[in-house]
Structures are given as structure tokens and as C-alpha cells.
Amino acid sequence: MSTSWKRSREAKLWRSLDTAQAMRIVADCYGAGAGAEVLLRTFLAERDLNLPAVRFWLAVYAELKGPGPQANLPHAPLG
């Protein structure tokens, strides 16, 4: 059985989407774990030395979390 492109980090289709579309799909697919999934994909892209993918996933994460009171802080506390 093949893996759905929505669950594949290798799918080129992800990067053909804009970040808002990707955010909606990830949020729908992973629910409350969407942020963790996007950060994992970012980490794996970094390990693969795929800088365009790193930038894409970081932009998706920023879109997912949206602006908040701590959005401009370099080291926002966790929690």
C-alpha cells in the first residue's frame, strides 16, 4: 500500500502549494499534532540539506501558529 502524499515529506506536491494551503491540509490531517509534524518535517529537510524545503516548512509553521503576543520574540517561552 502506498503512502498518501499528505503523509509524505518527499512529495513535491507540497511545495507546489502556497503556505496557507499547506497549513490547512496539515492542520486537517494531523489536528493538534500539526505543529509538531511541521517541525519534524523541517528537521528532516535540514538533515537532508534541503534548504528550500526548510524554508517552506518554517513558513508553514509560522502560518499555522499565526501572529501572537510573542511572535516577534527571538526566544519565546514554551507552553
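Only the coordinates and a few stated rules stand behind these numbers; no lab work does. These numbers were taken from a predicted model, which means no experiment stands behind them.
The table for this structure:
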read-out	value
Gain in span if fully extended, residue 55 to residue 20, counting 0.36 nm per residue against the direct Cα distance	11.2 nm
Gain upon complete extension [residue 46, residue 13; 0.36 nm per residue less C-alpha separation]	10.0 nm
